[in-house]
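Engineer: Here's a structure for you.
The values are calculated or read from the model by the stated rules, or taken from the named source; none is laboratory data. Keep in mind it's a predicted model, so treat the numbers as computed, not measured. Backbone-built Cβ (ideal geometry, glycine too); neighbour counts: all protein chains shown. Just the protein is used for accessible areas: all its heavy atoms, side chains included, with ligands, DNA and RNA removed. Shrake-Rupley method; radii C 1.70, N 1.55, O 1.52, S 1.80 Å.
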Amino acid sequence: MIEITGLHKSFGKNHVLKGVELSLVPPGLIAILGPNGSGKTTLIKSILGMVIPDRGEIEVDGASIKKAWEYRRQISYLPQIARFPENIRVRELIAMVKDLRGETEMDVSLISYFGLQPFLDKKLGNLSGGTRQKVNLVLCFMYDCPIVILDEPTAGLDPVSLVRLKKLIKTKREEGKLILITTHVMDLVEELAEEVVYLLEGNIHFRGTVAELKEKYQGRNVEESIAALLQKDGPFSLGAVASNGHAKVPETLLEN
Ligand SMILES: Nc1ncnc2c1ncn2[C@@H]1O[C@H](COP(=O)(O)OP(=O)(O)OP(=O)(O)O)[C@@H](O)[C@H]1O
Ligand SMILES: [Mg+2]
């Protein structure tokens, strides 16, 4: 269980999270959505202790994460941008992560599941973007953790790999895990998410099931509902639209 109360985070003058309150109880598959820069990754990194909040409290399984690290063993994490040395080989990277975790139980079947055997002796820097993402997915799912956090998991994947990933996520959900996903792929939300948490202007603007989102914003699908939400309440709301129907361009953008 993850309990977040009064979470604030600023980067300089940029007040990204403004008192976020969020309670996440397993099992569940929750999509954390919001426009670019709305703070999804910041929120996720706060849960992982990679971003230190200015104010607020985060508890995982009833204990504060402040100055704690053991709790991270409970979490499988796929970062939005994974940075590893370019000259390390896939096989070496997997062995390195295994060493770091110090756990013996790992699911090596994922290597063939994502078709990575031909790439095991290749250097990361020589892999295509999608193949790198598959390596990241293997590293994320290699250990069986009760909480799974996926930051843009579909980035760069071809359709076959996408189908496999969705199947894997569904299996993990059926096993009773708490899964958090951020994505801009609304079909994925439609297909997988039990709940949507929508971040806007530093706070949770909407939380509910996909059906409730569609009902509230009268969209035929998630995409239309989010578009309606943003038109009604977001930066594209009527107040920000010029009389010709186009979004107003901020004056500062037009200055020389
Ligand atoms: N380390 C940092 N230093 C300074 N600013 C940061 C840092 N990390 C994030 N930000 C800023 O915080 C805001 C939120 O960023 P964040 O990455 O959380 O957004 P996001 O919702 O994940 O966006 P996206 O959909 O593009 O992934 C952005 O304005 C970003 O520029
Ligand atoms: Mg992000």
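Engineer: Distance cut-off 30 Å, Cα to Cα: go down the list K40/K66; K40/K67; K13/K214 and report the pairs above it.
Structural biologist: In this structure, K13/K214 lie more than 30 Å apart at Cα.
Engineer: Need one number: nm distance between label points at D144 and N87, each 7 Å from Cα along Cα→Cβ, rounded to one decimal.
Structural biologist: 3.9 nm
Engineer: So which aspartates and glutamates pass the test for K9, namely a Cα distance under 14 Å, with those fewer than 8 places away in the same chain ruled out?
Structural biologist: List returned: E21, D54, E57, E201.
Engineer: Stick to the Cα atoms of the chain, pair each with every other, and give me the Kirkwood hydrodynamic radius in Å at one decimal. Write down the numbers at each step before the final one.
Structural biologist: Details: mean 1/r = 0.0505 Å⁻¹.
Every distinct Cα pair counted, the radius reaches 19.8 Å.
Engineer: Further question on the same structure: Can you compute the FRET efficiency between E201 and D121 using 1/(1 + (r/R0)^6), with r the Cβ-Cβ distance and R0 = 41 Å? Round to the nearest 0.05.
Structural biologist: Between E201 and D121 the formula returns 0.30.
Engineer: Using 1/(1 + (r/R0)^6) with R0 = 30 angstrom and r between the beta carbons of A211 and Q80, what's the FRET efficiency to the nearest 0.05? Write out the running numbers ahead of the final one.
Structural biologist: Values: r = 28 Å, r/R0 = 0.93.
Efficiency for this residue pair is about 0.60.
Engineer: Could you sort the peptides 12-23, 137-148 by per-residue average Cβ neighbour count (10 Å cutoff), highest mean leading?
Structural biologist: In descending order of packing, they fall as 137-148, 12-23.
Engineer: Now for a different question. How far is helix 129-141 tilted, in degrees, relative to the longest principal axis of the Cα atoms in the chain, given as a value from 0 to 90 rounded to the nearest 10?
Structural biologist: That works out to roughly 70 degrees.
Engineer: Just to confirm the filter: which GluC sites (Glu not before Pro) across the range 60-149 are DSSP coil and have at most 15 other Cβ within 10 angstrom of their Cβ?
Structural biologist: Loop-located and lightly packed - E86, E103, E105.
Engineer: Under 8 Å for C-alpha pairs, at least 6 residues apart: give me the relative contact order for the range 2-239, rounded to a whole percent.
Structural biologist: This gives 26 percent for the range 2-239.
Engineer: If you take every DSSP beta bridge fully contained in the chain, what fraction is antiparallel? Give it as a percent rounded to 5.
Structural biologist: 55 percent
Engineer: Here's a follow-up. Averaged per residue, what accessible area in Å² does the chain show with a 1.4 Å probe, protein chains only?
Structural biologist: Per residue, the chain has an accessible area of 53 Å².
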